[in-house]
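These notes concern the structure reproduced below.
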Amino acid sequence: MKGTAILEEPGSPARAVAALDFDALLEAEQGVLLRLARRLVWDGEEARDLVQAALADAYEKRHLLRDAKAGPAWLRRILVSRAMGHLRRRRVWNVLREALDWGTPLDLSPEERFVGAERWRALGRAVRALPAQQSTAFTLRYLEGLELDAVAEAMGIGRGTVRIHLYRALKKLKAEQALEGDTP
């Protein structure tokens with residue numbers, strides 16, 4: 001029965017197995033969720049808070065998880081919903097920390113690293129200025145590398161709607177010259 005989390009009455013054997021699977025799911029996905037949250041809100045502390053809140057939400061709603069294979073997407077959806085609410089309340093992203101220098105190759109000269117970091121910061125500023133739906137779609141698709149169907153599932157919208165949000169986001173980012181050369 002391990003791997004299938006069909007939930008029944010409290011105290012049932014299926015519920016005990018589901019609790020074990022749920023704990024393993026949280027442990028396996030926590031790092032992925034934190035990385036996603038960082039990319040959605042561009043702030044490490046806020047990202048940790050969002051992940052904790054999303055995991056608390058997931059724990060309270062664990063009885064709704066019917067298929068363990070859907071667990072990672074289900075957790076991403078909860079986190080994305082939390083992050084979207086956070087971004088709506090904040091309306092405009094106020095903080096973009098220097099942590100955006102992730103992934104700078106060490107073999108570059110200081111000037112090249114500075115230019116790369118500045119481009120990354122410019123992209124962050126442009127993405128945070130997008131409407132919440134567009135910034136979330138862009139982040140999930142191009143920064144997290146999710147397929148369109150996974151983005152749609154995480155955001156709770158249709159694939160076509162995701163494509164519209166991506167088109168509009170890319171159009172605005174190109175207009176702001178935040179994306180240069182080959183675009184995603």
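Take the conditions (1) at pLDDT 90 or above; (2) in the same structural domain as K171 (by TED's automatic domain parsing); (3) more than 25 Å from L166 (Cβ to Cβ); D57 misses just one of them, which is (2).
Does the stretch 90-100 contain any residue that is modelled with pLDDT of 90 or more, outside the structural domain of T139 (by TED's automatic domain parsing) and either within 30 Å of P131 (Cβ to Cβ) or not in a helix (DSSP H, G or I) (or both)? No: the stretch 90-100 contains no residue that is modelled with pLDDT of 90 or more, outside the structural domain of T139 (by TED's automatic domain parsing) and either within 30 Å of P131 (Cβ to Cβ) or not in a helix (DSSP H, G or I) (or both). Determine whether A28 is closer than 22 Å to G156 by Cβ, modelled with pLDDT of 75 or more and either part of a helix (DSSP H, G or I) or hydroxyl-bearing (S, T, Y) (or both). Taking the combined requirement at face value, the residue does not satisfy it.
Here's the yes/no breakdown for (1) at pLDDT 85 or above; (2) assigned to a helix (DSSP H, G or I); (3) buried (at least 19 other Cβ atoms within 10 Å of the Cβ); (4) not assigned by TED's automatic domain parsing to the domain that holds G71:
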position	(1), (2), (3), (4)
A117	no, yes, no, yes
A126	yes, yes, yes, yes
G145	no, no, no, yes
A152	yes, yes, yes, yes
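Among the residues of this structure, T139 counts as one that is touching a residue at least 24 places away in the same chain (Cβ under 8 Å), part of a helix (DSSP H, G or I) and in the same structural domain as E118 (by TED's automatic domain parsing).
The values are calculated or read from the model by the stated rules, or taken from the named source; none is laboratory data. Remember, predicted model here, so these are calculated numbers, not experimental data. Ideal geometry is used to build each Cβ from the backbone, glycine not excepted, and the neighbour counts take in all protein chains shown.
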